[in-house]
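Beneath this line is the structure, given in structure tokens, with notes to follow.
The values are calculated or read from the model by the stated rules, or taken from the named source; none is laboratory data. Since this is a predicted model, take the numbers as computed values, not measurements. Positions of Cβ are backbone-derived with ideal geometry, glycine not excepted, and every protein chain shown enters the neighbour counts.
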Amino acid sequence: MYIINLGDEKMLHTISENIANSLFDEESKYPMSIYVYGIELMISSLIGTIVVLTMGILFKSVIESIIFMVSLSLIRFFSGGYHAQTYIRCNTVFAISALLVFITSKLYIKYLMEYNIIIHIGVFVVSFIIMAIFSPVENENKKIDKSDRLKFKIISISITFIEIILSMFIYYETGFDSVLAVLPTIIVVDVAILVEIILKERRKSYVSKEKC
């Protein structure tokens, strides 16, 4: 029953509290709220992983699902971007993004392989511009110190470059086309950055109007 109702934020919080209370006490190193929050994140991430892997099995894209999750998490940790306000919305966006990557990868392999190098270069150029201008993007769930901003920007661009070069090398050396799922995954990161920037501007505009 817990698995069925995990979309309920209160249920997830209650489960996390019960687990935290069984593992820690008031004499632990950190406040109980930190443990509860950490467990909530772990459970939510586990659910998201299971959902994406299940989708990968259903769409015969298991390798693509793994590439999607690894590639996305590596770049997003440093680039930042859109974060949903609730766990269920976060996992929904995560699952929809994965589905779009699966579909785009199959269409890409079927119809656009003759433009492979051009598309690789195009994705990197677009991503470089977006990350150079905007990343790292803060949100309410992840604050970034000013001293770390340049470092995060350089790392996010570097990881993107490495993933693109590595995908090209693996494909041309082995013909393993599943690795090309890296490209739509990077586009997902770019979109997440732009969406968060747009939402930030809308929030600022809304606050300004409220003050007026």
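Brief remarks on what is shown
- Extreme residue, farthest from I193 (Cα to Cα), among residues of the stretch 145-177 that are of a type in the set (S, T, Y) and within 20 Å of the chain's Cα centre (by Cα): S167
- Within the stretch 100-122, one or more residues are assigned by TED's automatic domain parsing to the domain that holds Y171 and outside any helix (DSSP H, G or I).
- Any hit, the stretch 53-67, residues being in contact with a helix residue (DSSP H, G or I) (Cβ under 6 Å, 6 or more places away or on another chain), within 30 Å of D148 (Cβ to Cβ) and assigned by TED's automatic domain parsing to the domain that holds A181: yes
- Among (1) surrounded by fewer than 20 Cβ atoms within 10 Å (Cβ to Cβ); (2) in contact with a Lys or Arg (Cβ under 9 Å, 6 or more places away or on another chain); (3) within 22 Å of S167 (Cα to Cα), the one test that S73 misses: (2)
- Any chance G80 is under 28 Å from K200 (Cα atoms) and touching a Ser or Thr at 6+ places or on another chain (Cβ under 9 Å): yes
Here is a yes/no grid of residues against (1) over 26 Å from M55 (Cβ atoms); (2) buried (at least 19 other Cβ atoms within 10 Å of the Cβ); (3) touching a strand residue (DSSP E or B) at 6+ places or on another chain (Cβ under 7 Å):
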{"position": "I96", "(1), (2), (3)": "no, no, no"}
{"position": "L112", "(1), (2), (3)": "no, no, no"}
{"position": "I119", "(1), (2), (3)": "no, no, no"}
{"position": "I130", "(1), (2), (3)": "yes, yes, no"}
{"position": "N139", "(1), (2), (3)": "no, no, yes"}
{"position": "K151", "(1), (2), (3)": "yes, no, no"}
{"position": "D190", "(1), (2), (3)": "no, yes, no"}
{"position": "V195", "(1), (2), (3)": "no, no, no"}
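- Pairs are defined by a Cβ separation below 9 Å, a sequence spacing of at least 6 or placement on different chains, a first member in the stretch 138-163 that is modelled with pLDDT under 95, and a second member that is surrounded by 14 or more Cβ atoms within 10 Å (Cβ to Cβ) and polar (S, T, N, Q); the pairs so defined are R149/S135.
- Within the stretch 70-99, being in contact (Cβ under 8 Å) with a residue 12 or more places away in the chain and of a type in the set (A, V, I, L, M, F, W, C) holds for L72, L74, I75, F78, I88, C90, F94, A95, A98, L99.
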